[in-house]
Each structure stands twice: as structure tokens, then as C-alpha cells.
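Heads up, the thing below is written out as C-alpha cells.
The values are calculated or read from the model by the stated rules, or taken from the named source; none is laboratory data. Just so it is clear, the structure is predicted and the values come from calculations on it, not from any experiment. Neighbour counts are summed over all protein chains in view; Cβ atoms, including those assigned to glycine, are modelled from backbone coordinates with ideal geometry.
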């Protein structure tokens, strides 16, 4: 069986290309250009899907709603009205048991009386522990399909686009607006959710020669302009601040920045509310006309047209011309249509029933179709389709998302744009303009205004056409009550008239409250077809008019957007040091350090993580190790006042730092909190090289830049060299011997003592060498240009082969420095730590006239400490649970501190750590308790730091 | 004991993994071509991504920087972010009122000569170590790669340097006009280069392009 119409019907289909596809396991054929819904309808399939709650059969209603929601092996919850069929498509109706035609859950429809909206909240709240059980059962029965977690990953791009003017909707007003703005020189994007431009011109004005001429002229104009980009099949799903718009097509989400936005989205037909108004075969006039003209499909064989406006009469003529028997036009208005179109209808011998209303759709068996309608005056009419043309509501979601104000117009009987934000324009039917010529005029006016707004044109203001009367709906279509209900207002959510009545009775009597009570507008259609009717019902229930009323808040997205599009391609940056691949080759276990990837430790065959770390540390203590320090922040401070600048920034003295020497430095903020530390190397009188922590490099550079700008009196030039230099530390008793063979720098301890810095070459690469003691061994930090790092690393490793040099990772370094009692800023300090409590008060020099945080630190110094960082040890024979970092220090009932660092020390053979404790607990030899996992209390004793090599003999 | 050293591109590791055929330019081994992936001609017809980190670079900063460069015969642009070709080839970009960035063209040594003249005692003139990864994105679909990774309006980019973020990485970006389709130079921190390279290459590959060696894009350098 086929309900295809002959050419010229079917503008969008290619009859030369048949497309085989499957739906619910059965094979069908359509034409290229068909959507799943239109292809099935052409094949005589009337039950396309099932409703959300009652599992009622649903067919085509608007051709852009949730009547047919399908899933494939790869996608979930696809709108069948928009899904273009392709060869091999295998789709299944979502939310059914056994397919759309024979859904076993259809039985739920019989229990509708017991399941009003929110029944589960009222019925299943006790016993409380059972609610999850009920929830699972309800979710299994209701919903919109199942997510296939095994589906293949589909990579979706996200994209940015820019334009002067974005025009949404390619109907007569949109086309006119876009071409006008483009003519004036604006870069224009014209977006339409339809497969081509033309909008209602393609199907609603079929017998109108002037409309055809407009369509031809406007679509040709679109082609002419290089500065006008037409995006078809594109939903503008969201309108955000500053002209950011979300454009969604099959492939991607495009974040579009528009200088001005013209909303020419037209309007949406409203359902007529009567019992069984959702039966397959009952559809909006726009859907019927689209089926006929765009897809060449008969909407039905025999139709009843229910209308209260001229559009309905014209639709009846189109149906008649397409071979559909129009049994009658049912017009609730006492006088019916008075314009000329009424005469045309009568001349075609189509019966007009004035002053009548459909009160009930008469269902076929199983409600799988329509066999007729019952009239409110009694009597029935046979038909297999009811075409609804009872008025429209503006498709104004994007206007409201932009905080545009929509106000009710009594003359038009609908909401129209009131005050719109700057740069946002409405044109055409959404603007309350219905006459075709005026719609085009309105588009030209909006296009001109938009081009002027973005500064492209100085054209004078083009007056907007005045809103006249509507040919669409002036008089309201009655909402027909029925004792048995099933008179639906929102088809997505199966919301009936009685649900609104209940809402008002229970006090949910404002638009927003009613929405939440009834869930009207919460389905995939987002209330496009239901919000206005819902508001009308609410007003009626309250005995009010719509004047001064507002629709509910509109939020993105206008319609369903695939989550894959929202996710898009993820960008998670990572930073690598120049020698990263050498670490991988050496078996490094990589850890995250912010964006950086660093070797945590190097895996040795047969060893656990901790043993690997201990061995790396032991190798440094006993032989030699090499660690990559490329992540350290590296700054160059140049200029005649460089030393003065550092004096102001750091808490210590640097004016007296000799050339060729280094000094530890601490930076505090204005409140005296430690924010970073590092080593300051003086390379020349006016040149310093400064290291910062890995995490602090960018922040500290920005902070220093800010101060350099503020202290304009200082001659100082800052350079962020973090990425330009690689760095490594060769450490251990054998380090000097290995390095000696590779460098032209004299490493003799007399000429290059501890805490000195030298410039020279290592393995032929220009290098800065400094003797630092972070890990507590003889060692040299080697800083080289990034492009020479690999060569130096390889050379050091090669030269150290006989000495059994091994790379060591971050964890071994943490352990080694802990043995020396060195703090790590941000591990052993927090967002409140000042230098005195962190044990680095010695680095604060108050004799300087100024440094950042000095005033606060002076105040803090006069106050008693509230906590202090101490070294501690567990008993040498401790064999139980070992506390972890962040475990709390407990004194009686009080929390007095926390552990910041802790590890078993291979050098000392017992557990050591750093912890904040109360000052009263800080005396050497004091015992305190740490609450470990599961509340176990572990005793620790305060000991002196450094734990290892307290006199620093090994550094020399 | 001064010896010349082998420079390595920040992308060296990823090039090794991708089967690079190597060539030496300015002391750096850099892929001349790749054994795997799409043919260079096919990439160039759509979008090609190349590592041009080997080009010598120099940053000069300080109150005396512009005057010093002018004294070296470099015609420094008058406005910040403007760029200008150097007489001996290469490009000079004014990245701040008192800072310039110079990059040589392939096979030239103008920047090395200027760099050698810059000693540490020059008052008010300081060397900025520039170890940026240098990328070249070219071909008619180059802009498509960028629009998927960057929020800039590329049709209005002009020929001035832009600091922006591509795939969330901070970069400096410069459009090189071309009659057919503009090319784009991208400089980023060497530490971010591998991630950025892989991200751009993946997108380029999705739209019919891919990575190419220096041989394929030498005419643009």
C-alpha cells in the first residue's frame, strides 16, 4: 500500500532513488529525501510510536515533535520526524515492548484514571525505603528509550563561527531579512532546521503565483551573495549572552557569535483539545501540507478539517486538490470564515459545518487510527484523518531566551514581541505579521536594522509593517472537556486537561508552578505546541484573561540536542618536558602534576611501586641519580633595578647576593601567606635567574609582571623562560665525577661551592649549573635550552652508565627532601600558612624597608602561633598502620593539626614526617597522636629536622 | 671543550613514533617527510600540518630593544602585533612596545647573525630565549581545523599576530596570506607542542588532510 502522490508533489524527495530501510524489524522503502516518518506514512504505517506515559499509539502530528522517537544500534532517542532515511537504516520505536504497533505496555492506557500526573509522588512515598524500588519500576515503564552503552564512539566536532547577522528561519521573512542584510554588506548566516530554504512558501502558498515568485526571487538572491551562508538542517538551539548562539546540525554543534540576531522562526500550530485528539491520523495543517507538497504523501484518504481561520480553508482546498476527500470543514465560529476563500471551498462542494466543534476522535481498533469524529452537537463524521488549523503560537523560544519580552495582543489573540534586547529582532509570523507581502516587508526592515546595528550600514530606518489582524486565529478554539478525559494538551508528556484542573485546585496556579506540577512543556518539544493552550486553561480556571500573563521561562535548548554534540571533541591539554619520551622508555609511571606529566617513579621488573621509590632514593644517597626538573618555573629578571625588584617581591635579602651565588627565596601575598618559593641565582649585577614551583610558574610570572607595571620607578624587564629551558638535577656522591667529563665549568668545590651558580656548557649545550641541596646530596641543577635537553639528558645518562646512574622520579625526590626536612610549598603549606608556622621564618628579613606581606607578617610575628610545622617520627619498631598525608593530629577532643608529609625512610629505617601541631605540642620529644584510617590512633614524637645529615656534610 | 649539539624539536618523540624521514635544518633533525599517513600532496590539497620548529628564533626585549634592532638593520614594525619581512629573509614581529620576535626563513642565517651580536652587556636590551614549537597549518581546509579549536573570527584575522588559545593551549598565531588559501603559523610553548600537534593532526586527518614533512611546505618558509 502506498499513499504517494504523483509529481509535482514531493519537492524534497528524489523519486529516482529508492531507499530501503527497516522499522521495528520490517522492511520498507522510501525515497531519498524522506524522513522516517514521511516514508512510513507513505507506506501506510499509521502507528509510528507510543506515548511517553500511557503508551498510546501516535502517528504524525506536527512533523517536528516526539510522536516518533526511535533508536538505532548507534543512536538513542532520535526524532523520526527529522531523521532522513538512508539505505540500511534499521530503526526501532523507543519506549515500547514489542514495537510500536503491538506495544505490550499499551495496557497502561486503561489505568490512566489511577495515574494522574505526579501519582508516584503521592502513592509511593511510604515506606520510604521502597521508593527506589518503585522508581526503578516506573523508569522501566516510562521514558524515552534505553541508552546503548556499547554503541561505537562517534567523534563529533565542535566548531566556532562568526557573522554580523544571524537569521533564524528561512521562510519569507527570514529570506528577506537575510538577503537584505547581505545586500547591505553584512556577513550573514541564514539557518533553517528544514532541508532547504523557503519555509512556509514551499507548502502553504501552493496556489499563489505571487508567493512562487517571491520564493524564486529570494532563493536566487541567497545564491548570489558570497557573504550569505545558508545552513540547512540546522537547529538554532540556544540563545546566550553577547550574541552566542548554539547551532546544531547532524554533524556538530557550532558556537556562533552574531553581531545581531533576527528571529524569523514563524509559528507553531496548536492542537485542538478534545477527547482522543492524539489518535494517529489527527495532525496539524502544517504537517498535512508538508506531507503533500514536500514529500508527496497523502496525509489521509478522507479528512475532516477542524479550523477557525482562513488558513484552514486554504488547507482544505490543498487537500482536495491532492485527492484527499474532505468530508467537511468543522468551524466552531458561528459565522464561519467570511473571506473569499470560503466561497472557493463551497465551489468545490466541500461541506462547511459552522458553529460546530469536534468533541471526540473515534478510534480504530486498538486506537491505531481514526475512523471518524463526534461533533459537540451530536452526530459523527467518518474520516481517517482530522486536520487541525485552530491557530498558532509564535515560535518565540529564542526571543525569550534572549530576555526578550513577549506580550499578549488581544487583537491577534496571541503573544507578540514587546521589548527586545539590543541587536535582537523578530520578523514575520513570530512578530505577529501574517500577510505574505508584509512578512517580506518585515524581513527587509529587520535586515536593515540589523545591518545598521552592527555598523555595516548607515541606511535609514525602514519602518516595520503594522500588525493587522490574523488570518491564522483570532477566535479561540474551545477546549472540550470530557468525562473520560484523554483530551491531551501536551502530547510529549501525556498531559490532559484534568491535570491542569487538578494543579489549580492544589494551589499550583501560576504558569511556572503549573509547569512543574503537570510537566507540561518539559518533553522533547519543550512546549512548542502546548504552552499557550496550557496558559489559556490556567487563565480560564482562574477566571482571568491572558492580558499581562507571561509564558514560562525559556531556556536552552529549543529542541533535543544529542549529548555527543554537546560533548564534542574534548580538549585536555597536557604539558611534557623535552625528555618525556626518555622517561617512557625507562619505564616511568607517569603522574599528573596540573597539566604536566611527570615521572612518579620508574618501574623495575618484579618490584612494587614503593620498593621502586625506595631504590631510586637509595641510589641517590649511595651513588648517583638524575631527575627531570623541566617543569620548574624559570624566570629571568633583568635590569638595573632587578635586585631592588626582588627585594620587594621576596621576603629575603637579594641586594647583597653576590654574582655567581644562589639563595632560597619565599614569596608571600599581602596577608603574609606563603604562595611560592624557589631559588634566586644572580648571574650579573643586573641579571637574575629565578626558579619557582611547578604549579606556581605562570601565576608567579603574572604576579611579578603586575608588580613590575605597578612599580614603574624600577628599571626591570621580566622574561618567562619556563618553556624555553629544560632542567635536570644530577644528585649523589658520584655526580661531580660524572658531570666533570661533560662540562667546561670548573666543578672543583673551591671554585664552584655549594649554593653557587655558573654558566658554561654541558655536552656542548649552553648551560646554567647551580649547586642546590633540595635532596640533600652533592648535586648540580643543569638548566639548558629546551632543544638541547635531550642531548644533555642522553649524555649524562651515558656518562653515568659505569656509575650505575638511574633516573629518579617525583616520589623519590619527595622522600629525599623529607629526610632533609625541606618543605614543599602547597604540600606542607596551605592557603593560610605563614612562614613562621611553616618553619621558614628564617627566610623573612624585616630590616628591609618593604616587601610584599611585610606589614602582615610583622603583626603575625607579634602574635602567638596557632600551629607550627614540626618534624616527627614513629617509633623505630612501629609495625602497624602508617598514617597518611592529611590525617589529623588529635589532642584530647580537639583537632590540632594534620600530617603534611610522611614516609618510611630507607636511610633512617623508620617512618618520618612533617605535621602541623599545636604550639604546645611542638617541643622536641613531645608525643602526639595521629588519627589514622578507621580511627586508629598512632603515637608520634616530635624530632628535630633535618632528619638526615643534619650538618649538611653530604652537600659539600 | 665546546662542541656543537644536536637540537631536537619539541615534537621529536612523536615524530619518531610516526615514522619520520629525517633531514637536518639549522642544527635540528626535523621530519622531511613521513612514511605513514596520507600522501603529502593529498594533505596539501586539503589541510597539511608541518613542524617548522627548526627555524631560528630570537626574542629581544627591553627599553633599548627596538633601537638596537634598528641598529642591526632590522626594520621593526611601528605598531604592536604587526609583522614585517626582514631584508635578508625571515620575519620580525613586534610583540610588545619593547619586545620583538624574530624568526628566520629556511636556510637563512640572518637571525643567527643578529643573535650573535646581542651580548649580555647591552644596556636595556635583553635576550628572550625563544624555544617555541613552530607549526605551519596550510591548505584550503586549514581554517576548518582552526574553527574547531579556536574561537577567533578567522575571516577578520588580518596579518597581525594574535595571542589566543587553540585547543585550550596558549599560542601566538599569524596568518600568512595566500592567493589560494591562507596558511597559519602557530607558536606555542614546547611543553604543549605534542598535545597540540596530535590534536590538530587528528582533526586534519578527519577532514582529509594530515601531517607532512618540511619538504612539502618548504616553499612557504
So residue A:537 fits all but one of (1) surrounded by fewer than 24 Cβ atoms within 10 Å (Cβ to Cβ); (2) under 32 Å from the mean Cα position of the chain (by Cα); what number is the exception?
(2)
Of all residues in the stretch A:779-798, how many are more than 13 Å from chain B (Cβ to nearest Cβ) and surrounded by fewer than 24 Cβ atoms within 10 Å (Cβ to Cβ)?
2
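Matching residues to (1) more than 14 Å from chain B (Cβ to nearest Cβ); (2) over 28 Å from the mean Cα position of the chain (by Cα); (3) part of a loop (DSSP other than H, G, I, E, B):
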| residue | (1), (2), (3) |
| --- | --- |
| A:246 | no, no, no |
| A:257 | no, no, no |
| A:279 | yes, yes, yes |
| A:286 | yes, yes, no |
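Please work out which residue is surrounded by the most Cβ atoms within 10 Å (Cβ to Cβ), limiting yourself to the stretch B:63-72 and to residues that are more than 22 Å from the chain's Cα centre (by Cα) and away from every other protein chain (no Cβ under 14 Å). Steps first, answer last, please.
Let us first name the residues in the stretch B:63-72 that are more than 22 Å from the chain's Cα centre (by Cα), namely B:63-64, B:67-68, B:70-72.
From the residues that got through so far, the ones that are away from every other protein chain (no Cβ under 14 Å) too are B:67, B:70-72.
Numbers: B:67: 13, B:70: 11, B:71: 11, B:72: 17.
Residue satisfying both the conditions and the ranking: B:72.
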So which strands (runs of 3 or more DSSP E) stay within the stretch B:109-221 end to end and still have 3 or more residues that are facing chain A (nearest Cβ under 9 Å) and modelled with pLDDT of 90 or more?
B:126-128
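Please enumerate the residues belonging to the stretch A:66-75 that are buried (at least 20 other Cβ atoms within 10 Å of the Cβ) and within 25 Å of the chain's Cα centre (by Cα). If you could, list the steps in order and put the result at the bottom.
Residues of the stretch A:66-75 buried (at least 20 other Cβ atoms within 10 Å of the Cβ): A:66-71.
Matches in the stretch A:66-75: A:66, A:69, A:70, A:71.
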Check whether at least one residue in the stretch A:874-887 is closer than 18 Å to residue A:944 by Cβ and in a strand (DSSP E or B), and report yes or no.
no
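Please report, ordered by residue number, the strands (runs of 3 or more DSSP E) entirely within the stretch A:579-664 with at least 2 residues that are under 22 Å from residue A:903 (Cβ atoms) and either away from chain B (no Cβ under 14 Å) or free of Cβ contacts under 8 Å to residues at least 24 places away in the same chain (or both).
Details: elements: A:588-593, A:596-602, A:625-628, A:633-638.
Where strands (runs of 3 or more DSSP E) fall fully within the stretch A:579-664 and carry at least 2 residues being under 22 Å from residue A:903 (Cβ atoms) and either away from chain B (no Cβ under 14 Å) or free of Cβ contacts under 8 Å to residues at least 24 places away in the same chain (or both), they are A:588-593, A:596-602, A:625-628.
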Quick one: is residue A:17 touching a strand residue (DSSP E or B) at 6+ places or on another chain (Cβ under 7 Å) and at pLDDT below 95?
no
So residue A:167 passes all but one of these: (1) surrounded by fewer than 16 Cβ atoms within 10 Å (Cβ to Cβ); (2) in contact (Cβ under 8 Å) with a residue 40 or more places away in the chain; (3) under 25 Å from residue A:255 (Cα atoms). Which condition number does it fail?
(1)
Name every residue in the stretch A:728-755 that is more than 12 Å from chain B (Cβ to nearest Cβ), surrounded by 17 or more Cβ atoms within 10 Å (Cβ to Cβ) and at negative phi, in order of residue number.
A:728, A:729, A:730, A:731, A:734, A:735, A:736, A:738, A:739, A:747, A:752
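For (1) in contact with a helix residue (DSSP H, G or I) (Cβ under 8 Å, 6 or more places away or on another chain); (2) assigned to a loop (DSSP other than H, G, I, E, B), each residue gets a yes or a no:
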| position | (1), (2) |
| --- | --- |
| A:327 | no, no |
| A:335 | no, yes |
| A:342 | yes, no |
| A:349 | no, yes |
| A:361 | no, no |
Pick from A:127, A:152: which is touching a residue at least 40 places away in the same chain (Cβ under 8 Å) and either touching a helix residue (DSSP H, G or I) at 6+ places or on another chain (Cβ under 9 Å) or farther than 28 Å from residue A:498 by Cα (or both)?
A:152
If residue A:161 satisfies all but one of (1) away from chain B (no Cβ under 14 Å); (2) surrounded by 13 or more Cβ atoms within 10 Å (Cβ to Cβ), what's the number of the condition it fails?
(1)
Would you pick out the residues in the stretch A:237-247 that are within 19 Å of residue B:147 (Cβ to Cβ) and either free of Cβ contacts under 8 Å to residues at least 24 places away in the same chain or touching a helix residue (DSSP H, G or I) at 6+ places or on another chain (Cβ under 6 Å) (or both)?
A:242, A:244
Residue hits (the stretch A:215-244; in a loop (DSSP other than H, G, I, E, B) and buried (at least 20 other Cβ atoms within 10 Å of the Cβ)) are A:234
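If we keep just the residues of the stretch A:176-192 that are in a loop (DSSP other than H, G, I, E, B) and surrounded by fewer than 22 Cβ atoms within 10 Å (Cβ to Cβ), which is farthest from the chain's Cα centre (by Cα)? Spell out the reasoning first.
Initially, the stretch A:176-192 is screened for residues in a loop (DSSP other than H, G, I, E, B), giving A:184-187, A:192.
Narrowing the set further to residues that are surrounded by fewer than 22 Cβ atoms within 10 Å (Cβ to Cβ) leaves A:184-185.
Details: A:184: 35, A:185: 34 Å.
Ranking the qualifying residues of the stretch A:176-192, first place goes to A:184.
Going residue by residue through the stretch A:516-531, is there one that turns out to be out of contact with any strand residue (DSSP E or B) (no Cβ under 9 Å at 6 or more places or on another chain) and outside any loop (DSSP other than H, G, I, E, B)?
Checked the stretch A:516-531: at least one residue is out of contact with any strand residue (DSSP E or B) (no Cβ under 9 Å at 6 or more places or on another chain) and outside any loop (DSSP other than H, G, I, E, B).
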